[in-house]
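Where a number appears in this text, it was derived from the coordinates with a stated rule and is not lab data. Remember, it's a predicted structure, so these values are computed and weren't measured experimentally. Virtual Cβ from ideal backbone geometry, glycine too; neighbours counted across all protein chains shown.
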Amino acid sequence: MYNQKVMDYFLKPINMGDMPDADGVGEVGNVVCGDVMHLFIRVGKNPAGKEVIADVKFKTLGCVAAIATSSIATELAKGKTLEQAMAMTNQDVVRELGGLPPVKVHCSVLAVDALKMAIYDYLKKQGRPIPEKLEKEAQRIRKDTENAEAHTHPHVE
Ligand code: FES
């Protein structure tokens, strides 16, 4: 069902774990299956003085595809500016993995949504303005998360 790259990232996940002193935390639920993800970011500055994702970790209660996509999404996000990280899509992640079975594409939404919510949380904690696009996405993600919480966990692999 899954290609070798997906299996490799699932079997040897990258950036999985906790970050107790994170600068921003994103928590999202998957509206399709009810699975949950936490993603933590530490923000630093690149040599040009721009804020970048200096470190990122995730924890998920999700399937093979959720773990593999989170691994690769966090790998892709590291070093990106906040603007670049906010612009990442789940299609970028799926493409990087060499594709997912169509029924599992919804799993790839978790990581990018959690990344956006972690950036949102960071900006909020800093008392900074939230870009309009991010505010809209955050509203959509919160609604999905509420719906996900009403879900059971079918957990189809
Ligand atoms: S994230 Fe729930 S089935 Fe994949």
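Using the Cα atoms as the points, what is the convex hull volume per residue of segment 35-157 in Å³?
About 102 Å³ per residue, rounded to a whole number.
Only helical DSSP H runs with n ≥ 4 go in: add -39500 (n - 2.57) per run for the chain, normalise by residue count and round the 222 nm mean residue ellipticity to 500 deg cm²/dmol. List each step's numbers first, then the result.
Working: 6 runs with 69 residues, N = 157.
One gets -13500 deg cm²/dmol as the mean residue ellipticity at 222 nm.
For segment 4-149, give the share of DSSP beta bridges that are antiparallel, in percent and rounded to the nearest 5; count only bridges with both residues there.
In segment 4-149, DSSP labels about 95 percent of beta bridges as antiparallel.
Please list, ordered by chain and number, the residues whose modelled amide H lies under 5 Å from the amide H of residue 35; skip anything fewer than 5 residues away on the same chain.
30
I need the phi-derived Karplus couplings for segment 25-39: 6.51 cos²θ - 1.76 cosθ + 1.60, θ = phi - 60°, integer Hz, Gly and Pro marked x.
10, x, 10, 9, x, 8, 5, 7, 10, x, 6, 10, 9, 10, 9
Give me a comma-separated list of calculated 3J(HN,Hα) values for segment 109-121, in order, Karplus coefficients 6.51, -1.76, 1.60 applied at θ = phi - 60°, integers in Hz, x for any Gly or Pro.
Running phi through 6.51 cos²θ - 1.76 cosθ + 1.60 with θ = phi - 60° gives 6, 3, 5, 5, 5, 5, 4, 4, 5, 5, 5, 4, 4 Hz.
Neighbouring Cβ atoms within 10 Å as the yardstick, rank 130, 67 fewest first.
With the sparsest Cβ surroundings first, the list reads 130, 67.
Between segment 68-103 and segment 112-137, how many Å separate their Cα centres?
The two parts, judged by their Cα centres, are 17 Å apart.
Report ³J(HN,Hα) in whole Hz for each residue of segment 138-144, in order, from the Karplus equation J = 6.51 cos²θ - 1.76 cosθ + 1.60 where θ = phi - 60°; Gly and Pro get x.
Computed from phi, the couplings for segment 138-144 are 4, 4, 5, 5, 4, 5, 4 Hz.
Determine the dipole magnitude for the chain: charges of +1 sit on the beta-carbon of Lys and Arg, -1 on that of Asp and Glu, nothing else is charged, the reference point is the Cα centre, and the result goes in debye to the nearest 20.
Charge dipole, the chain, about its Cα centre: 320 debye, nearest 20.
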